[in-house]
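These notes are about the structure you will find just below.
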Amino acid sequence: MWSYALKRAGTTAVTLLAASVIIFAFIHVVPGDPIYVLLGDTATPDQIDALRHQLGLDQPIIVQYVSWMGHVLEGDLGRSIFFQAPVLSVIADGAETSILLATMTMIWVAIIGVPIGMIAAVRHGTWLDQGLSGAAMLMASIPTFWVGLYLILIFAAWLGWFPSSGYPSVFEGGAVNLRYLVLPSLALAAPNAALILRLTRASMLDVSREDYVRTARAKGIRPWQVVRRHILRNALLAVVSAFGFTFAALLSEAVVTETVFALPGIGRLVVQSILRRDYPVIQGVILVIVVVYLLINLIVDLSYRLLDPRVELQ
Amino acid sequence: MSRDAAILWLKPFVARPIALAGLGILLATVFAAAFAPWLSPYDPYAIDPPIRLTPPGLAHWFGTDQFGRDTLSRTIHSARMALLIGSGVVVFALATGVPIGVLSALFPRLGHVLMRMVDVLMAFPTLLLALGLIVILAPSVANAILAIGLGYMTTTTRIVYGLTLRLRAETYVEAARSMGAGTTWLIGRHILPNLISPLLVQASFVFAFAQLGAASLDFLGLGAPPEIPSWGNMLAESRTFITRAPWLLFFPGMMIVATAFSLNLVGDALRDRLDPRFRQVFGEKG
């Protein structure tokens, strides 16, 4: 196990290193002189000289990369042109919204996707299964922002049950502010619940073909007990690991949803920074999301192998 | 195509009426795109302020938008942009993914390097990768195709790589090789012909997700220029008027769902007629 874990962590580190080169290069391939890219059009000559000296832009590109990497490892991701503040603190401001939104979305995904996937698997081949699987494919074909706009129209504008936009922090207004995240998390949950539904169904069907399930049936255990104790327990392992990947992907998938609901999260920050040409923030967000994405993947992969002793360790 | 081959391809659709319906919707979309100027009752760009935000009625079946433009005509013309982006992304993903995947599988040393590079690209979530590229390249239709296509190039490469590895181990491939067949011959004679049907499956899924990706970019104002009619652009404009003019939200959105759903149905039906050994390369998610 440990040798596998080390190898897997090593691969992640190498991928991260290669990704960091691409992210570093981002500032240099964006149209315009990097110094203007970093400081914006309103920079004074003094500022330009100071930054050019500070970043060592006259030095070879490899030296620049190493010094950038050094800053990043110390938590210095540069300064936002628009906010005139460190990029890391700008991203941290959006983290609360994004993490809460992703968590609430995963709760919906679990409540909707897993039980319905189970029902489809147990009723495999019937019209109910075909209907549910078809509905899942339909849900995966709907743009999240369209679902979001309809939720706003119905539940915010017509019925007035939930607020249509924004999110005041729960730390200032209390847990009641979570109602601002109900509609966006539902919109974001739709396609992801569909994927988890299909995965739960497929995984349960896989397990139900195993020899030990046939043995359990043959020795006369009641059908629902076979499902509960033999099929479900083994099938859910794959589903739980898919939860990890989905959560990691949600941080970037939320870009559109956060824009529709005007949520102050990381996703909307990216879009606004693109429109404001605030390149240091875009670079910082891409870096943070890629790191989180790779780390969650690593953790999920390792815990999957830890929990399921049958998975071969190479 | 011979008559028998045609029957073989149509079989999965006849067995599933809903997949046949999906194929019908797709053909209708292609028809609408091809004959848009003749099918549209009005000029999609014609502004008519006095009748702005008119609800659907006999004169304007899908109503009018905030400039008095006919929503039906704009919806029909948008089919062109949808097909252009979709086929552009598919062509890009296949034109890059097939050579990289096949060569990586046939030449393990080269493959080791190339597949690691694909892994690195896969560390970037698809939408984030697309947004980053749009920042570098500036928003336009061609760049939207490139930005979305890059994300599906990686998955296509992975699938082609997996399939080619399997094909390479087949007895008939080894037999051909031991009789002195060259790499070009192997690729042209044994590898590519066997990749056609799984790639058709992959193409329909990529086409479907490209629809959703392009709609997202348009909606964020980072895709096709706003004056070009596209379903995503129409939805972006409708946002301000959702309570006053809900019909502006309904029709373009329905078209995105209809095309993406149809493509998924067709892809699913095609996957079921695949060689079972290939099917598992796609997994359940497709």
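In table form, for the structure just shown:
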item	result
Verdict on B:Pro252 being over 19 Å from the mean Cα position of the chain (by Cα) and within 10 Å of another protein chain (Cβ to nearest Cβ)	no
Residue selected from the range B:209-235 under the condition hydrophobic (A, V, I, L, M, F, W, C) and at the interface with chain A (Cβ under 8 Å from one of its Cβ atoms), by the criterion surrounded by the fewest Cβ atoms within 10 Å (Cβ to Cβ)	B:Leu222
Selection from the range B:7-35 of residues that are assigned to a helix (DSSP H, G or I) and at pLDDT below 85	B:Ile7, B:Leu8, B:Trp9, B:Leu10, B:Lys11, B:Pro12, B:Phe13, B:Val14, B:Ala15, B:Pro17, B:Ile18, B:Ala19
Qualifying residue in the range B:130-142 (condition: part of a loop (DSSP other than H, G, I, E, B) and not small (Gly, Ala, Ser))	yes
Complete set of residues in the range A:240-253 that are of a type in the set (Phe, Trp, Tyr) and away from chain B (no Cβ under 11 Å)	A:Phe243, A:Phe247
Qualifying positions in the range B:36-50 - assigned to a helix (DSSP H, G or I) and either surrounded by fewer than 16 Cβ atoms within 10 Å (Cβ to Cβ) or on the phi > 0 side of the Ramachandran plot (or both)	B:Pro37, B:Trp38, B:Leu39, B:Pro49, B:Pro50
Any chance A:Ala85 is out of contact with any strand residue (DSSP E or B) (no Cβ under 8 Å at 6 or more places or on another chain) and among the small types (Gly, Ala, Ser)	no
Output for the range A:161-202, where each listed residue is away from chain B (no Cβ under 14 Å), in contact with a helix residue (DSSP H, G or I) (Cβ under 6 Å, 6 or more places away or on another chain) and either charged (D, E, K, R) or without any contact (Cβ under 8 Å) to a residue 24 or more places away in the chain (or both)	A:Trp161, A:Phe162, A:Pro163, A:Pro168, A:Asn177
Out of A:Ala13, A:Ala9, A:Ala18, A:Ala5, sole residue that is closer than 22 Å to A:Asn297 by Cα, touching a residue at least 12 places away in the same chain (Cβ under 8 Å) and under 22 Å from the mean Cα position of the chain (by Cα)	A:Ala9
Cβ-Cβ under 7 Å pairs, at least 6 apart or on other chains, the range B:238-260 side farther than 17 Å from B:Leu212 by Cα, far side assigned to a loop (DSSP other than H, G, I, E, B) and among the polar types (S, T, N, Q)	B:Phe241/B:Gln66
Segments classed as helices (runs of 4 or more DSSP H), wholly inside the range A:1-108, with at least 2 members that are surrounded by 13 or more Cβ atoms within 10 Å (Cβ to Cβ) and small (Gly, Ala, Ser)	A:2-29
Boolean, A:Ala193 is under 21 Å from A:Glu253 (Cα atoms), out of contact with any Leu (no Cβ under 9 Å at 6 or more places or on another chain) and assigned to a helix (DSSP H, G or I)	yes
Odd one out for A:Gly125, checked against (1) over 30 Å from A:Val281 (Cβ atoms); (2) small (Gly, Ala, Ser); (3) at pLDDT below 90; (4) assigned to a helix (DSSP H, G or I)	(4)
Filter pass, A:Trp158 being within 14 Å of chain B (Cβ to nearest Cβ), surrounded by fewer than 21 Cβ atoms within 10 Å (Cβ to Cβ) and over 22 Å from B:Ala208 (Cβ atoms)	yes
Residue in the range B:99-122 that is touching a helix residue (DSSP H, G or I) at 6+ places or on another chain (Cβ under 7 Å), charged (D, E, K, R) and within 14 Å of chain A (Cβ to nearest Cβ) present	yes
Matching entry among B:Leu150, B:Leu200, B:Leu167 (being more than 30 Å from B:Ala258 (Cα to Cα) and among the hydrophobic types (A, V, I, L, M, F, W, C))	B:Leu167
Hits in the range A:183-215 - residues which are surrounded by fewer than 18 Cβ atoms within 10 Å (Cβ to Cβ) and more than 29 Å from the chain's Cα centre (by Cα)	A:Arg209, A:Glu210, A:Asp211, A:Tyr212, A:Val213, A:Arg214, A:Thr215
Cβ pairs under 7 Å, 6+ apart, first in the range B:12-36 and closer than 15 Å to B:Arg271 by Cα, second outside any helix (DSSP H, G or I) and modelled with pLDDT under 90	B:Pro12/B:Arg273
Hits in the range A:1-16 - residues which are within 14 Å of another protein chain (Cβ to nearest Cβ) and not basic (Lys, Arg)	A:Gly10, A:Thr11, A:Thr12, A:Ala13, A:Val14, A:Thr15, A:Leu16
Test: residue in the range B:62-75 that is free of Cβ contacts under 8 Å to residues at least 60 places away in the same chain and acidic (Asp, Glu)	yes
Condition check for A:Phe145: out of contact with any His (no Cβ under 7 Å at 6 or more places or on another chain), of a type in the set (Phe, Trp, Tyr) and away from chain B (no Cβ under 12 Å)	no
Residue within the range B:198-208 that is assigned to a loop (DSSP other than H, G, I, E, B), of a type in the set (Gly, Ala, Ser) and either closer than 30 Å to B:Phe62 by Cβ or within 14 Å of chain A (Cβ to nearest Cβ) (or both) present	no
Failed item, numbered, when A:Leu153 is tested on (1) at the interface with chain B (Cβ under 9 Å from one of its Cβ atoms); (2) touching a residue at least 40 places away in the same chain (Cβ under 8 Å); (3) surrounded by fewer than 22 Cβ atoms within 10 Å (Cβ to Cβ); (4) in a helix (DSSP H, G or I)	(2)
Some residue of the range A:254-277 being more than 11 Å from chain B (Cβ to nearest Cβ), closer than 30 Å to A:Arg123 by Cβ and at pLDDT 85 or above	no
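Here is a yes/no grid of residues against (1) out of contact with any helix residue (DSSP H, G or I) (no Cβ under 7 Å at 6 or more places or on another chain); (2) under 30 Å from B:Ala15 (Cα atoms); (3) within 14 Å of chain B (Cβ to nearest Cβ):
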{"residue": "A:Ala18", "(1), (2), (3)": "no, no, yes"}
{"residue": "A:Ile27", "(1), (2), (3)": "no, no, yes"}
{"residue": "A:Gly32", "(1), (2), (3)": "yes, no, yes"}
{"residue": "A:Leu77", "(1), (2), (3)": "no, no, no"}
{"residue": "A:Phe83", "(1), (2), (3)": "no, no, no"}
{"residue": "A:Pro86", "(1), (2), (3)": "yes, no, no"}
{"residue": "A:Ile107", "(1), (2), (3)": "yes, no, no"}
{"residue": "A:Met118", "(1), (2), (3)": "no, yes, no"}
{"residue": "A:Trp127", "(1), (2), (3)": "yes, yes, yes"}
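The values are calculated or read from the model by the stated rules, or taken from the named source; none is laboratory data. What you are looking at is a predicted structure, and each value in this text was computed from that prediction instead of being measured. Counting neighbours? That spans all protein chains shown, and the Cβs are built from the backbone with ideal geometry, glycine included.
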